Amino acid sequence: MIKKEKKPRSLVFKIAKWSSITLLVILLAFVSIPFLFKDKIVEIVSKSINKNINATVTFKETNLSFFKNFPLASLTVNNVVVANKAPFLGDTLFSTKELSMSMKITELFKSSEEAIELKSFSSKNGQINIIFNTDDLGNYDVALKKDTADANEPASFSLNIQDYQFENMRFMYLDRSSNMKMQLDSIYHYGKGNFAKEILDLDTKTTAKLSFDYENTNFFNNVNVSLNAILGIDLKNSKFTFKENTGYINQLALAFDGFIQLVDETQLYDINFKTPTSDFKNLLALLPKQYSGDLNAIKTEGNFDLNGVIKGVLSDDRIPAFDISFASKNAMFKYDDLPKSVQNIYIDSRIINKTGIVKDTYINLNQLTFKIDKDVFAANGTIADITTNAKINLAAKGTINLANIGKVYPAPIQQELAGILNADITTNFDMNSVEKGNYENIKNAGQLKVTDFKYNGKDVAKPFYIKKTAITFNTNTITLNEFDAKTGDSDISITGNLENFYGFIFKDQELKGNFNLNSNNFKVSDFLAADATTDKKEETSSIKIPAFLDCKFNATANTVVYDNINLKNVSGTIYIKDEAVNLQNLKTDVFGGNIGFTGKVSTKGKTSSFSMDLNLKELNIAESFGTLDMLKAIAPIAKTIEGKMNSTINVAGNLNDDFTPDLKTITGNLLGQLLSTKINASNSKALSLLGDKVAFLDVNKINLDKITGYFAFENGVVTVKPIPLKYQDIGIEIGGKHGFDNTMNYDIKFDVPVKYLGTEVTNLIAKLSPKDAEKITTLPVRANLNGSFSSPSFSTNIKDATASFIKNLVEQQKQSLVNSGKDKLLNLIGGDTTKDSTKTKDKLINILTGDKKDSTKTTKEDKVKDAINGLFKKKKNN
């Protein structure tokens with residue numbers, strides 16, 4: 001019995017064992033076979049590229065998997081790039097991060113000469129660029145031309161596609177000759193159908209974002225488009241027919257009918273499209289959702305129909321004829337949460353091409369009218385020869401209460417508008433006349449007025465009010481007849497002319513103007529909005545002067561307030577051109593005097609710069625140098641000086657982002673003359689220290705009247721040429737350097753009259769001959785004031801000066817004694833009448849050598865030293 005029980009277990013064990021081995025072998029085969037076939041796949045891919053494409057094709061790696069789309073084998077090629085050769089060298093035709101193809105496993109066992117049949121393919125994260133150059137050649141024509149003998153060669157791949165997919169792709173069409181660009185971003189497209197059949201239905205789903213630019217003008221920007229369609233495909237006749245389908249432009253639904261057929265080198269179009277319904281909401285649905293709001297919360301009346309017909313042949317020199325119309329009659333709309341409605345809406349507009357010749361395309365705006373409350377606005381016009389020399393004829397007339405815009409339409413304006421707009425204008429011109437400046441061919445007429453306009457937004461510092469403005473449109477110019485505005489405490493009034501307005505609008509040319517600007521009170525802070533940036537890491541953008549402006553302003557203002565500085569009677573001429581402002585003959589009364597200056601401020605390039613030539617007359621020194629950072633850095637001591645000055649300043653350097661001078665970069669010079677001045681040393685630690693260390697000097701009483709100083713500054717360092725000063729009968733000379741970082745190093749020379757050294761010194765000098773006495777009139781003492789203005793230090797060469805003075809005095813005495821003879825010498829040294837020659841000789845030596853045994857000599861030297869040292873000792877507080 002026991003043996004019989006073991007047999008079944010043994011059989012089960014064997015079955016499990018061999019099943020496991022078989023499964024493992026199959027699994028190993030699935031894992032290893034792709035590696036065995038990898039080289040073959042690379043060979044097939046490379047061979048197919050070299051045989052068919054005249055372009056530079058690169059890819060990083062290929063992967064073959066049996067698991068990705070089991071039971072099919074999947075081939076993935078990564079980082080594929082198809083780069084054009086001349087004449088499109090540098091352009092990329094196609095690129096993708098991942099290109100995948102699926103096929104039966106048996107296809108892998110075919111030879112490299114046999115075609116591999118594909119079941120599906122997909123592309124992910126890539127782009128396709130179709131480019132036409134100025135010679136009308138396209139970069140997509142990269143297929144190698146084949147001889148007739150080679151035409152029957154089998155392809156490397158054959159298509160038996162069941163489905164395909166493009167995910168996150170980008171398609172760009174660029175025509176460099178007409179400056180036209182169409183781009184589809186974020187493309188998702190999926191198609192499913194049996195391409196093994198000659199006639200099939202292809203079920204497709206497509207979404208993308210559409211952008212379109214023509215002649216540097218953007219017409220669509222990331223417009224959401226989608227199309228779910230079943231296309232009837234006749235592969236034999238290359239015909240594609242719209243069956244069931246629904247397309248969307250933003251929220252506007254469209255239905256298509258008709259077909260596209262490829263015929264030889266041309267394409268045949270016969271397509272109709274229209275909105276499925278005629279509800280007026282269709283017009284609002286054209287707008288992006290963030291602008292249209294909730295369509296379900298809108299009450300509408302009337303109709304809006306969009307219909308189009310495209311019919312004809314697309315070839316190298318022709319396009320299909322088309323007629324696209326937009327129409328609405330007596331419509332209205334009102335948002336549920338807004339108080340007012342737009343009524344009496346009439347729209348009649350068409351885009352037409354009847355001939356198939358591109359230049360014959362034209363736009364008719366036969367009617368556009370609407371009414372808000374009692375205000376009616378109407379416009380009409382035509383645009384012909386769009387692609388060659390566009391001829392534009394437009395007219396507009398009516399009134400709009402700007403306050404009603406936010407009451408009828410949920411526009412994304414955070415601040416309400418107010419004001420009345422009245423327009424009655426016409427214009428008729430062609431683009432060639434604009435481009436060539438033939439303004440006599442531009443016919444403008446009419447007037448535009450705005451009254452009681454109010455705007456308050458984040459981009460203005462304070463609410464902006466325009467009491468009234470009136471613009472007249474003339475043939476050559478646009479005249480600003482009046483412009484009276486107020487913001488904060490400021491008022492401005494402007495009149496003048498604008499030139500080249502159409503060249504600016506349509507051709508990115510300079511906007512030229514000549515204006516008169518007047519203001520009773522102009523406060524700069526009223527026009528500077530506060531920085532709303534909260535992220536400290538975010539870089540602040542610097543102010544830029546527009547490159548498109550070429551304007552002249554003759555400006556006058558009774559008062560201009562800038563950073564708490566009151567400028568009075570401001571006048572001058574301002575030129576704006578080439579990203580720079582040139583100031584000519586500007587004058588203003590400020591700081592008790594007046595300033596005249598010319599200069600230039602430029603924002604061209606990465607770093608803004610300035611240069612100024614200033615002429616200052618009778619300016620209050622303490623106010624000007626204590627208020628303006630640049631002057632404060634050039635002459636910090638000036639804030640201690642009370643009085644007036646005349647000065648010329650030449651300065652240049654870079655500007656910070658807030659348009660203040662970057663003091664580290666300024667260079668230039670200042671030449672100034674002081675008028676009727678006095679010093680208040682208590683405002684300066686450096687001057688207070690000087691007065692404290694020099695006993696004979698009362699800094700506050702130094703005479704600075706008519707003193708002239710020259711300052712040169714560069715790289716943050718100011719060099720002051722020696723300035724001669726006078727304190728009573730004491731000569732002083734000061735010169736040196738200081739830095740914008742508050743450091744300083746100044747040399748001071750004092751020429752102290754000998755009378756300040758006491759009677760001992762004056763008596764000794766009096767005993768010299770008049771000629772010798774003239775040589776010793778002053779004691780030169782040098783001092784150094786260094787450290788920083790906030791923490792100064794003071795030192796002198798008093799020890800050396802004293803020794804030098806005594807030596808000089810002794811030398812003069814010695815020479816005088818030798819010259820006056822022995823008897824006079826004895827009298828000078830004490831009236832000794834002894835005729836002993838030896839004794840006389842010893843006393844003379846003691847005097848000349850300063851022998852310590854001569855107590856009289858020692859005492860006199862000490863008194864001289866004490867007198868000199870006393871001049872440079874700390875003053876005692878009374």
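Nothing in this text is a laboratory measurement; each read-out follows from the coordinates by a stated rule. In this text, all values refer to a predicted model and were calculated from it rather than measured experimentally. Neighbour counts are summed over all protein chains in view; Cβ atoms, including those assigned to glycine, are modelled from backbone coordinates with ideal geometry.
Miscellaneous remarks
- Distance-filtered residues of segment 563-578 - backbone nitrogen under 15 Å, label point 7 angstrom along N554 Cα→Cβ: 571-575
- One chain, two ends: K604 and L314. Fully extended at 0.36 nm per residue, the span grows by 99.7 nm beyond their Cα-Cα distance.
- When +1 charges are put on Lys and Arg Cβ atoms and -1 charges on Asp and Glu Cβ atoms, the dipole computed for segment 172-223 relative to its Cα centre reaches about 140 debye.
- Residue separation of T217 and N364 scaled by 0.36 nm, minus their Cα-Cα distance, works out to 51.0 nm of gained length.
- With contacts taken as Cα pairs under 8 Å at a separation of at least 6 residues, segment 310-455 carries a relative contact order of 16 percent.
- Length gained on full extension, I565 to S682: 39.6 nm, using 0.36 nm per residue less the C-alpha separation.
- Relative contact order for segment 250-374: 20 percent, from Cα pairs under 8 Å spaced at least 6 residues apart, divided by residue count.
- With both labels modelled 7 Å from their Cα along Cα-to-Cβ, the T665 to K737 distance reads 2.2 nm.
- Scaled radius of gyration (Cα, divided by 2.2 N^0.38 Å) that segment 250-374 gives: 1.29
- Each Lys and Arg contributes +1 and each Asp and Glu -1, all at the Cβ; summed about the Cα centre of segment 453-512, the dipole is approximately 240 debye.
- Cα convex hull of segment 614-758 - mean projected area over all directions, nm²: 8.6
- Over 29 Å between alpha carbons, listed pairs K568/K737; K236/K354; K600/K632; K243/K391; K693/K721; K68/K97: K568/K737; K236/K354; K243/K391
- If R0 equals 22 Å, the separation of the Cβ atoms of A86 and E117 corresponds to a calculated FRET efficiency of about 0.05.
- Label point distance in nm, K205-D264, each placed 7 Å from Cα along Cα→Cβ: 4.1
- At R0 = 30 Å, FRET efficiency that the Cβ-Cβ distance of K374 and N224 yields, to 0.05: 0.20
- Percent RCO, i.e. relative contact order, over segment 566-726, from Cα pairs under 8 Å lying at least 6 residues apart: 15
- Net charge dipole size for segment 566-726 [Lys, Arg +1 and Asp, Glu -1 on Cβ; Debye, nearest 20]: 340
- Taking all pairs of distinct alpha-carbon atoms in segment 169-236, Kirkwood radius in angstrom: 13.8
- Taking 7 Å steps out from each Cα toward its Cβ at S795 and S611 produces label points 4.2 nm apart.
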